Amino acid sequence: MAIIAHLDMDAFYVSVELQRHPELRGKPVIVAGSSPRAVVTTASYEARRYGVASATPAAHAQRLCPQAIRIAPDFSAYRAVSARIMEILRRHVELVEVVGLDEAYLDLSGMLAPRANMARVAGDIHEQTGLECSFGIGPNKLIAKLASDCEKPRGRVMLTREAALERFAGAPARLLPGIGPKTAQRLEALDIRTVGQLGSVPPGELTTRFGPALGRLLHRRARLEDASPVSSERPVVSRSSETTFPTNVSDLALLEATIRRLSDELARSLRDEGLRARTVGVKVRLDDFTTVTRARTEPAPIQGSDGLASTAVELLRSYGPPRPVRLVGVRASSLASAEAASVPEEDQLSLPLRP
Ligand code: TTP
Ligand code: MG
């Protein structure tokens, strides 16, 4: 019987900021850029009471909660704290799958007192970083994830599958990963709104309406079944850095300068994480929201800012945006650790990959 935990930091970016600005504790705080089109990355729980959430446009957030204090994001600080948290997790549990800066799955199978042990892990994180987290424990990743989210902040929820089915029966079906707004809408048209309702639809009916793959997935999700293992060998897929201009830009020189600045930023984060990229891409969003991406894979891995910038600028020039540009981004993918990049190909397979 598998026992899996999902741990997720509470209001992560804001909490990191509050440690540097303790005078702001208890106040509505948002972490967001200052451009007129910036969005909120995190809102403190005080600000969430006013309806401010992740992805709320910052300008709208200021209207919802005029007294909210805005702090500009400092991603390298969040990455540094994240690395310390993941290190603590690995000290306690052998098998840790990092899925984002502030969340991870832990395989606790065979552990006698999983909840008490996770409480100790959370206590260690708090002691060493000053930050609070929530965790959920269940027989699979799906239930662990739902459990970690359902009593935030400082949630400590352990559920069997039966208890989880009962607890989430009335929850909206889109709470389940894999059910996006479109699928949720199609389900609603069939009068299926909750996890419980979806779970009681015979699987055959779902496959008839949604096709075999999605139909089966929907049924399994609603029954809270998930066989995916916790795996620490999740190679980092990509890193990117992008920016939305305050007003649309047609000037190619300004676009190129921005690409260089973003390449700089990206190079710094690759260096912090000890990664090199073989594929460099650019993303351009035009004023009519057309989004175009172009990428090229280089024969040798790149880490430095100049290497990233020269490929990215070439890609931008060869595309030649036909309309004013709203957003540009630079992306690095086909990532490998900087050490692995200098090791002959056949030896790389045996190197442990760490996200
Ligand atoms: P989450 O864990 O989704 O959110 P959170 O930690 O801020 O709050 P909660 O207590 O509900 O877990 O995301 C982790 C961090 O990722 C978050 O602090 C900021 C960042 N983030 C964004 O930049 N944009 C987004 O849309 C979301 C959801 C998160
Ligand atoms: Mg979080």
- Query: Can you list the residues, at least 5 places off or on another chain, whose amide H is less than 5 Å from the amide H of Ile4, using H built in the peptide plane?
  - Reply: Leu108, Gly138, Asn140
- Under the Karplus curve 6.51 cos²θ - 1.76 cosθ + 1.60, θ = phi - 60°, whole-Hz ³J(HN,Hα) for segment 300-305, x wherever Gly or Pro sits: 10, x, 10, 10, x, 5
- Item | Relative contact order of segment 238-341, defined on C-alpha pairs under 8 angstrom at six or more residues apart (%) | 45 percent
- Projected area of the chain, taken from the Cα convex hull and averaged over every viewing direction, in nm²? 20.7 nm²
- Message: So if each residue of separation counts as 0.36 nm, and I subtract the Cα-Cα distance between Glu162 and Ala2, what length gain in nm does that give?
- Response: 56.1 nm
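Can you work out the FRET efficiency for the pair Ser76 and Ala169, with r the C-beta to C-beta distance and R0 = 56 Å, to the nearest 0.05?
Numbers: r = 43 Å, r/R0 = 0.76.
Calculated transfer efficiency: 0.85.
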- Please give the peptides 83-95, 254-266 ranked by average Cβ packing (other Cβ atoms within 10 Å per residue), highest first, as a rough proxy for protection. 254-266, 83-95
- Item | Residue-span extension gain [Glu256 to Ser109] - 0.36 nm each, minus C-alpha spacing | 47.8 nm
- Query: In deg cm²/dmol, rounded to 500, what helix-only [θ] at 222 nm does the chain give when every DSSP H run of at least 4 residues adds -39500 (n - 2.57) and the total is split over its residues?
  - Reply: -12500 deg cm²/dmol
- Simple SL model, points at 7 angstrom along Cα→Cβ for His126 and Glu225; separation in nm is 3.8 nm
- Query: Roughly what would the spin-label model give for Ser54 and Tyr319, points 7 Å off Cα along C-beta, in nm?
  - Reply: 2.5 nm
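Relative contact order (percent) for the chain, with alpha-carbon contacts under 8 angstrom and 6 or more residues of separation? Don't skip to the end; give the middle numbers.
Details: 649 pairs, mean separation 52.4, N = 355.
Averaging sequence separation for qualifying contacts and normalising by length gives 15 percent for the chain.
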- Task: Provide the gained length on full extension for the span Thr290 to Leu214, in nm with one decimal, where the gain is 0.36 nm per separating residue minus the Cα-Cα distance.
- Result: 24.5 nm
- Provide the FRET efficiency to the nearest 0.05 for the Asp191-Arg84 pair, computing r from the beta carbons and using R0 = 45 Å. 0.40
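What ranking do 311-319, 202-210, 11-19 get when scored by the average of other Cβ atoms within 10 Å per residue, highest first? Working shown, then result.
On the way: 311-319: 18.2, 202-210: 14.3, 11-19: 22.7.
With the highest mean Cβ count within 10 Å placed first, the list reads 11-19, 311-319, 202-210.
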- Message: In segment 37-80, whose amide N lies under 12 Å from the spot 7 Å out along Cα-to-Cβ of Gln19? List them in ranges.
- Response: 77-80
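Values quoted throughout were computed directly from the atomic coordinates according to the rules given, and no laboratory measurement underlies them. All values reported here derive from a predicted model rather than from experimental measurement. For neighbour counting, all protein chains shown are included, and Cβ atoms are generated from backbone atoms with ideal geometry for every residue, glycine included.
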